[in-house]
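Q: Pasting a structure below so you can have a look.
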Amino acid sequence: MPESLFLSELTHVAKLQQQHRNQVRIIGGTHRGRKLTFPAADGLRPTADSVRERLFNWLGQDLTGMAVLDLFAGSGVMGLEAASRRARTVTLIEKNRQVATAIKNNLQQLNFSQVELICTDAQSFLENNRQHYDVVFLDPPYVWQQWHELLDAIVPHLQPQARVYLESSTLPTLPSGWQPLREGKSGISRFELLTYCNE
């Protein structure tokens with residue numbers, strides 16, 4: 001094989017491998033098996049299939065009637081998984097424009113009418129929004145450190161008995177009022193399901 005053709009083949013294989021790495025699939029609900037593509041971006045690491053499966057077992061699989069917020073959408077797979085499981089509304093927050101564009105493209109292919117994508121940062125959204133949610137996903141880049149401020153800012157947006165999913169490399173100490181319901185680990189990821197009680 002000529003060297004130029006060999007190099008062309010290597011380049012093609014590398015592109016296919018990159019595309020495969022930058023794909024994640026919905027694992028349950030109406031859109032089970034559908035693949036989502038996402039760009040390479042700092043801190044973007046979609047939650048593993050096994051972790052999502054455990055989380056949605058904890059949440060009860062069917063989210064019919066629930067309002068869901070994904071504050072650090074990234075690939076969008078957490079929120080779109082919720083939409084596939086019949087959540088009433090899903091709000092995706094993503095500050096990286098390139099990543100948000102990829103989510104928008106996936107949304108157009110999946111045809112989810114109940115999903116809203118907003119390109120802004122988590123703190124700005126919470127300060128300027130008055131909606132309340134039944135389920136909130138918190139999966140920021142692992143370098144994130146402002147957990148107390150974030151959890152305090154989320155409280156006014158929670159419905160009674162709301163569930164908050166938190167994922168990080170190290171689980172933070174929880175501020176007053178927060179109670180862990182379930183927790184687990186997968187590789188370097190640590191995650192827990194929380195609820196808030198102000199009594």
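Q: Of everything in region 47-64, what is farther than 15 Å from Lys185 by Cβ and among the polar types (S, T, N, Q)? Give them in sequence order.
A: Asn57, Gln61, Thr64
Q: Considering region 150-199 alone, what residues qualify as being of a type in the set (Phe, Trp, Tyr) and farther than 19 Å from Gly60 by Cα?
A: Of everything in region 150-199, just one residue is of a type in the set (Phe, Trp, Tyr) and farther than 19 Å from Gly60 by Cα, namely Trp178.
Q: Give the number of residues within region 58-72 that are open to solvent by 10 Å² or more (accessible area, probe 1.4 Å) and either modelled with pLDDT under 90 or not in a helix (DSSP H, G or I) (or both).
A: 7
Q: For region 102-158, give me each residue that is open to solvent by 70 Å² or more (accessible area, probe 1.4 Å), under 22 Å from Phe191 (Cα atoms) and in contact with a strand residue (DSSP E or B) (Cβ under 9 Å, 6 or more places away or on another chain).
A: none
Q: Please note which strands (runs of 3 or more DSSP E) are completely contained in region 118-199 and include at least 3 residues that are more than 18 Å from the chain's Cα centre (by Cα).
A: Strands (runs of 3 or more DSSP E) meeting the threshold: 158-168, 178-186.
Q: Would you confirm, using the coordinates I've provided, whether Val115 is under 20 Å from Phe56 (Cα atoms), β-branched (Val, Ile, Thr) and out of contact with any His (no Cβ under 8 Å at 6 or more places or on another chain)?
A: yes
The values are calculated or read from the model by the stated rules, or taken from the named source; none is laboratory data. A quick note: this is a predicted structure, and the numbers were derived from the prediction, not measured. Cβ: placed from backbone, ideal geometry, glycine included. Neighbour counts: every protein chain shown. Only protein heavy atoms, including side chains, enter the accessible area calculation; ligands, DNA and RNA are left aside. Shrake-Rupley method; radii C 1.70, N 1.55, O 1.52, S 1.80 Å.
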